[in-house]
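The values are calculated or read from the model by the stated rules, or taken from the named source; none is laboratory data. Worth saying up front: this structure is predicted, and the values here are computed from it rather than measured. Virtual Cβ from ideal backbone geometry, glycine too; neighbours counted across all protein chains shown.
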Amino acid sequence: MKKFSRLLLSIFFFCTAGTALAQKATSIERGKYLMESVVACGNCHVARGPQGQPLFDKGLSGGMLFDEPPFKAYAANITPDPETGIGKWSDADLAKAIREGIRPDKTLIGPPMPIEFYRHISDEDVAAIITYLRAQPPIKNSVPKSKYNIPLPPAYGPPVTNVAMPAMDNRVQYGEYLANIGHCMECHTPRNQQGMLLREKLGAGGQPFNGPWGQSVSRNLTPDASGLKNWSDAQIAKAIRTGTDREGHPYKPPMAFDFYKNINDSDMAALIAYMRTLKPQTFAMQK
Ligand code: HEC
Ligand code: HEC
């Protein structure tokens with residue numbers, strides 16, 4: 001009898017260890033998919049050369065400069081290097097940094113990292129993203145300290161605990177979730193003079209982006225004639241995946257087309273279903 005229960009016990013341990021391994025595998029797979037498609041942290045965190053060109057072989061070791069009147073911010077090194085990256089941070093530290101914008105030393109991560117949107121990342125997905133980050137090669141790269149000419153808020157909101165995964169079979173709801181964790185509306189919503197997003201104009205576009213490419217202006221994603229009303233699902237999917245418009249002309253940066261080309265069909269359908277439910281807005285250039 002004793003032997004039998006020991007056998008049962010070892011089978012139990014074997015099975016739970018197996019499940020933990022399987023979970024880890026799903027998590028890294030999910031993390032890789034999210035990071036290399038809709039979440040696209042790399043659009044900001046990929047290492048940059050002196051002219052701002054992406055250095056993909058240096059991974060997520062940071063350095064991209066955002067030079068705007070309110071700040072001169074440098075994207076951080078988020079590889080597991082213990083000295084210049086996040087190697088010494090715990091999983092809880094990383095989750096807090098990503099969803100609340102608070103570092104282990106309690107300082108706040110400043111813009112343009114879209115923390116308000118990352119607050120919506122589910123517990124499972126933040127864990128998957130962290131697993132992916134830890135699996136990257138550590139790369140030494142000291143990034144200059146950012147300088148903010150504006151006061152940062154004391155926090156981006158109350159602590160984030162237990163964010164449930166939305167039902168994936170509810171297309172619109174899941175599409176909204178993807179749009180949040182991909183921070184689409186951060187770029188596609190106009191801002192007021194203080195730089196705050198005009199939530200009542202969600203998705204209306206009109207936000208200008210200046211850079212080495214000159215200027216690009218985010219488009220209207222709402223179902224208005226000046227937006228995506230007359231676009232087919234296939235045309236929208238093609239624009240997002242290939243970075244070209246209906247006539248085949250390439251879009252300018254900074255949208256993360258290099259990553260969005262990997263968005264799978266069901267996630268793309270969910271994103272489009274969600275955009276079709278936005279309140280129709282007329283496009284107007286942000287002043
Ligand atoms: C729009 C650009 C942008 C995106 C997208 C972005 N970040 Fe950041 N991130 C930044 C900038 C800029 C900083 C530095 C801000 C500062 O110096 O206060 C930063 C800082 C960080 C830090 C703090 C590191 C440190 O050593 O202080 C972490 C961790 C981080 N980002 C992780 C992520 C992850 C994970 C994602 C995707 C889920 C992401 N970021 C997406 C721009 C971005
Ligand atoms: C970093 C800012 C940024 C983010 C994030 C972003 N976009 Fe864009 N997007 C732009 C800009 C700017 C343009 C227009 C580029 C141009 O005109 O050259 C654009 C163009 C588009 C277009 C083409 C529409 C048209 O009328 O031509 C679609 C569709 C689109 N974005 C959807 C999305 C979706 C969905 C997401 C999230 C998964 C997203 N965008 C995330 C900045 C962004």
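Of note:
- Meets criteria (outside any helix (DSSP H, G or I) and at negative phi) for residue 37: yes
- Set 157, 175: member being over 15 Å from residue 39 (Cβ atoms), in contact (Cβ under 8 Å) with a residue 40 or more places away in the chain and of a type outside the set (Val, Ile, Thr): 157
- Any hit, segment 58-69, residues being under 30 Å from residue 108 (Cα atoms), assigned to a helix (DSSP H, G or I) and modelled with pLDDT of 80 or more: yes
- Breaking point among (1) of a type outside the set (Ser, Thr, Tyr); (2) more than 16 Å from ligand 2 (Cβ to nearest atom); (3) assigned to a strand (DSSP E or B), for residue 137: (3)
- Residue within segment 165-176 that is among the basic types (Lys, Arg) and within 16 Å of ligand 1 (Cβ to nearest atom) present: no
- Residue match in segment 242-249 (condition: β-branched (Val, Ile, Thr) and either in contact (Cβ under 8 Å) with a residue 40 or more places away in the chain or closer than 20 Å to residue 225 by Cβ (or both)): no
- Every residue from segment 101-118 that is away from ligand 2 (no atom under 16 Å from the Cβ) and surrounded by fewer than 20 Cβ atoms within 10 Å (Cβ to Cβ): 102, 103, 104, 105, 106, 107, 108, 109, 110
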